[in-house]
Amino acid sequence: MSDTLPDADQIRSAKEVAERSLALFTIIGLSFGSDRTEISAWLQQNDLWRALSPRELGFIDSPSPSRQVMIDAQWNTEALIVLLWALGLIDEMPRADEQCDPLVFQELLPPYADFGVREFFQAAKLRPENELIAYADECLRLHWEARDAKLRKGAPRVPVDIEIIQERHRAINWVVGYDGAPWDEVTADT
């Protein structure tokens, strides 16, 4: 347990973050049109079904998700970039007003990368706790700025997109163990 976090919060393990990364990668792949049968087989072969959240299982089981559900699933790119940053696989996060490039995921994650799931899990290592907490604080500050600007019906004082930052904020909250909530229940309170 961390000395700098409240008792209810505990930073996730590197393996948990790695598993969550692969779960999100499959959901993102489906949302962009990857073959459902191939993804299901890959999840089975690599014992990754257990890594999926209840909401993600529902998405995979749905034969024809609505357009909005597909869009919502695509926003997971902003959460996945945070998880990959937390694992040290991304050096710098894109600006808070700039969407990440999802093509980078194929360079970093199995089955497209030059290594398998087992090797990905074995190599998984989190950034230092102080970096994770500092990024969580930055996301909170930026999210608050974006919400405040929306309420004021004005522009944020710093470059930030509310849709991007809320996804990143929720992802880093999960990493740092925000209220100990599972993925589907983690919030991005401001």
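Details
- Set side by side, the residues 53, 66 differ, and just one is within 27 Å of residue 179 (Cα to Cα) and of a type outside the set (A, V, I, L, M, F, W, C), which is 53.
- Criterion: closer than 30 Å to residue 127 by Cβ and of a type in the set (Lys, Arg) - qualifying residue of 50, 36: 50
- Here residue 150 fulfils each of the conditions (1) over 24 Å from residue 39 (Cα atoms); (2) modelled with pLDDT of 95 or more; (3) assigned to a helix (DSSP H, G or I) apart from (2).
- Residues within the stretch 133-190 that are among the basic types (Lys, Arg) and exposed (fewer than 13 other Cβ atoms within 10 Å of the Cβ), tallied: 4
- Taking every residue in the stretch 57-81 that is without any contact (Cβ under 8 Å) to a residue 40 or more places away in the chain and under 12 Å from residue 28 (Cβ atoms) and pairing it with any residue that is of a type in the set (Lys, Arg) and not in a helix (DSSP H, G or I), at least 6 positions away or on another chain, yields no pair with a Cβ-Cβ distance below 8 Å.
- Within the stretch 1-31, the set of residues being modelled with pLDDT under 95 and either surrounded by fewer than 13 Cβ atoms within 10 Å (Cβ to Cβ) or within 13 Å of the chain's Cα centre (by Cα) (or both) comprises 1, 3, 4, 6, 7, 8.
- Residue count for the stretch 28-56, restricted to those that are free of Cβ contacts under 8 Å to residues at least 12 places away in the same chain and among the hydroxyl-bearing types (Ser, Thr, Tyr): 2
- Failed criterion for residue 141 (all others in (1) part of a helix (DSSP H, G or I); (2) basic (Lys, Arg); (3) closer than 27 Å to residue 39 by Cα hold): (3)
- Residue 170 vs. criteria within 15 Å of the chain's Cα centre (by Cα), closer than 25 Å to residue 11 by Cβ, of a type in the set (D, E, K, R) and not in a loop (DSSP other than H, G, I, E, B): yes
- Set side by side, the residues 65, 111 differ, and just one is in a loop (DSSP other than H, G, I, E, B), over 16 Å from the mean Cα position of the chain (by Cα) and within 19 Å of residue 184 (Cα to Cα), which is 65.
The values are calculated or read from the model by the stated rules, or taken from the named source; none is laboratory data. Everything numeric in this text was worked out from a predicted model, so none of it was measured. Cβ coordinates were reconstructed from backbone atoms using ideal geometry, including for glycine residues, and neighbour counts include every protein chain displayed.
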